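Everything on this sheet refers to the single structure shown next.
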Amino acid sequence: MAENIITVSDDTFDEEVTAASMPVLVDFWAEWCGPCKIVAPVLEEIADDKEGRLKVAKLNVDDNPRTAQRFGVMSIPTLLLFKDGEPASRIVGARSKNQILSEFEPHIA
Amino acid sequence: MEAVTTRDVVILGSGPAGLTAAVYTARANLRPLVVEGEPSSTSDQPGGQLMLTTEVENYPGFPTGVQGPQLMTDMREQAERFGAEIVTKKASRVDLSRSPIAIWVDDRDGGEPDVTTRSLIVATGARSLMLNLPNEARLLGRGVSTCATCDGFFFKDRRIAVVGGGDSALEEALFLTKFGESVTIIHRRKELRASKIMQDRAFKNEKIAFVWDSVVTDVLGDDRVNGVALRDVVTGNESVLAVDGLFVAIGHEPNTGLFRGQLEMDELGYLKAGPGTATAVAGVFACGDVQDHVYRQAVTAAGSGCMAAIDAERYLASLGET
């Protein structure tokens, strides 16, 4: 995994995501999900491109069902963009880098 | 991806057909460029339909089966090992009337082409059809799923509906019985078109129930799915089936929009090819599900990918430029 991507869990979610000062893109994923694997390198690119302006985090739904349930995630990958502790935008399913950025960019300073 | 020089071979698509064509053309020293597609959660994505499957039991050489995504990762690695160049982009326009053939990517459709090539192997595959109901799109990710293998996990002890009557529908239904309390297969006829072995497995499974002669007319629920509206196509009766999840497996359509007006298609939009994999345009070859709605297997796609590679190689040799 790229060094710019952090791993979050049920226990660290609030500290790392909802309390963050910067917008956070959270990738809800799991090992068995083919499209999650395809979108992973795209998120690494985004993390590198937006370093200092956007935090990118991965949450494994298999190990952390509470957080997935808390945000109503029922499909993976789901990409949730958090701003000021609240979900500001949501993408269900894998997308290209351009499609992800055009959806999320308005929320990233 | 450099447009400076004209390529010998460009391959559009990276399912079993595209990657097999890549292995063969790479081994023939043609340095193929594979435009593999863009991430999505439909089968129109790098790796193709097998990326949304689990166990593949009928690909020769794997006596205990192989995971679909793993098979595709391995094919990709094999193509790269022989020098295939793979870019994670989707072709947005092709001009087959030009010589060399011109290709644009990344939503571009004008200006200088991103790549030009002497031969083109079309392996863009097919994607799953959806019901095309307004509430189906609204509830995507809220109980409506395009990927059973991705999302079955979220339906532990829930009630699930699967729409369709072919092998894909039964495969999804059987897979989903690992999670759901019940799986109801909704089919518009009163017999399945799935293979005998899949039918036997489905009929034997205690968690699977059938609703025959029925179509889904609406997906119900505010912020998550709580049911589907059904219409019996024989009696016209309307009813509601309470479910928490909806998976659709009603068939496929070919990814041929790019070639409309340029390549010959049948009435369903599949490309016409033959003899071999040749299309009516010199230097353009078609393989895999984009030109096959009869067999539609990983192994037949791979086989026709190999044929397209050999056909392209012979075509290039006939030009005397390689």
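The values are calculated or read from the model by the stated rules, or taken from the named source; none is laboratory data. Computed from a predicted model, the values in this text were never measured in an experiment. Don't worry about glycine lacking a Cβ; one is built from the backbone with ideal geometry, like all the others, and counts go over all protein chains shown.
Return the residues of region B:170-184 that are part of a strand (DSSP E or B) and buried (at least 24 other Cβ atoms within 10 Å of the Cβ); say none if nothing qualifies.
Passing the criteria: only B:Val183.
Is it true that A:Arg53 is basic (Lys, Arg), in contact with a Pro (Cβ under 9 Å, 6 or more places away or on another chain) and closer than 22 Å to B:Cys147 by Cβ?
No.
Can you find a residue in region B:187-204 that is among the β-branched types (Val, Ile, Thr) and surrounded by 13 or more Cβ atoms within 10 Å (Cβ to Cβ)?
No, region B:187-204 contains no residue that is among the β-branched types (Val, Ile, Thr) and surrounded by 13 or more Cβ atoms within 10 Å (Cβ to Cβ).
Any residue at all in region B:10-17 that's surrounded by fewer than 22 Cβ atoms within 10 Å (Cβ to Cβ), hydroxyl-bearing (Ser, Thr, Tyr) and out of contact with any Leu (no Cβ under 7 Å at 6 or more places or on another chain)?
Within region B:10-17, not a single residue is surrounded by fewer than 22 Cβ atoms within 10 Å (Cβ to Cβ), hydroxyl-bearing (Ser, Thr, Tyr) and out of contact with any Leu (no Cβ under 7 Å at 6 or more places or on another chain).
Which helices (runs of 4 or more DSSP H) sit wholly inside region A:12-109 and have at least 2 residues that are closer than 21 Å to B:Asp107 by Cβ?
A:34-49, A:97-104
Could you tell me which residue of region A:73-106 is farthest from the other protein chains (Cβ to nearest Cβ), considering only residues that are loosely packed, with under 15 Cβ neighbours inside 10 Å and more than 17 Å from A:Asp14 (Cβ to Cβ)?
A:Pro106
Tally time: how many residues in region B:182-197 are touching a helix residue (DSSP H, G or I) at 6+ places or on another chain (Cβ under 7 Å) and at pLDDT 95 or above?
3
Do you know which of the residues in region B:109-142 that are free of Cβ contacts under 8 Å to residues at least 24 places away in the same chain and more than 14 Å from chain A (Cβ to nearest Cβ) is farthest from the chain's Cα centre (by Cα)?
B:Gly111
Name the residue, out of B:Ile103, B:Ile86, B:Ile11, that is out of contact with any helix residue (DSSP H, G or I) (no Cβ under 9 Å at 6 or more places or on another chain) and in a strand (DSSP E or B).
Going through B:Ile103, B:Ile86, B:Ile11 in turn, the sole match is B:Ile103.
Is it the case that some residue within region B:51-68 is modelled with pLDDT of 95 or more, among the polar types (S, T, N, Q), outside any helix (DSSP H, G or I) and within 24 Å of B:Asn255 (Cα to Cα)?
The answer is no, given that none of the residues of region B:51-68 is modelled with pLDDT of 95 or more, among the polar types (S, T, N, Q), outside any helix (DSSP H, G or I) and within 24 Å of B:Asn255 (Cα to Cα).
Looking only at residues in region B:151-169 that are touching a helix residue (DSSP H, G or I) at 6+ places or on another chain (Cβ under 6 Å) and not in a strand (DSSP E or B), which one is surrounded by the most Cβ atoms within 10 Å (Cβ to Cβ)?
Top of the filtered list is B:Gly152.
Might you let me know whether region B:286-305 holds any residue that is buried (at least 20 other Cβ atoms within 10 Å of the Cβ) and part of a strand (DSSP E or B)?
yes
Considering B:Thr64, B:Thr53, which residue is of a type in the set (Val, Ile, Thr) and within 13 Å of chain A (Cβ to nearest Cβ)?
Within the list B:Thr64, B:Thr53, the selection yields B:Thr53.
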